[in-house]
Amino acid sequence: MAHLTLDLGNLVLGSGVKAVYGDPVEIEGQTIMPVSMVGYGFSGAGTPRKDGGEAEAGGAGGYAMPVGAYVKRDGQLTFEPNIIVLLGVGIPFVWVTGRMLRGLIRALKR
């Protein structure tokens, strides 16, 4: 338990590409390979105890967002995005861009 954070980090590093690209699946003559965006986070700290030992605490978390899939039909490979995820990512981007443009327009009017 002394190196829990290091062990978890090594576990994540070992997953690599396998965590982002899923195994290809054959469905009705089409080969589909899912693609996701994956992120991990770890925190850990050791604090000294009054008896001279060290207390251990930590946490971990992660997410996987399905970005889309590579689809092979009739010998052609295409990427088909997940529209819901694109909207979820795009809405904050549009909001920030709008705020920046509003500030720029106000500055130019002065």
Please go through (1) surrounded by 10 or more Cβ atoms within 10 Å (Cβ to Cβ); (2) modelled with pLDDT under 90; (3) within 21 Å of Val38 (Cβ to Cβ) for Glu54 and return the number of the only condition it doesn't satisfy. (3)
Could you tell me which residue of region 40-50 is nearest to Ala19 (Cα to Cα), considering only residues that are loosely packed, with under 11 Cβ neighbours inside 10 Å and modelled with pLDDT of 70 or more? Gly41
Region 60-87, subset in contact (Cβ under 8 Å) with a residue 12 or more places away in the chain and over 19 Å from Ile27 (Cα atoms), residue surrounded by the most Cβ atoms within 10 Å (Cβ to Cβ): Val67
Give me the residue from region 16-42 that is in contact with a helix residue (DSSP H, G or I) (Cβ under 8 Å, 6 or more places away or on another chain) and not aliphatic (A, V, I, L, M) and, out of that set, nearest to Asp74 (Cα to Cα). Ser36
Out of Leu8, Leu101, report the one residue that is surrounded by 10 or more Cβ atoms within 10 Å (Cβ to Cβ), part of a helix (DSSP H, G or I) and at pLDDT 80 or above. Leu101
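The values are calculated or read from the model by the stated rules, or taken from the named source; none is laboratory data. Given the structure is predicted, the values throughout are model-derived calculations rather than measurements. Positions of Cβ are backbone-derived with ideal geometry, glycine not excepted, and every protein chain shown enters the neighbour counts.
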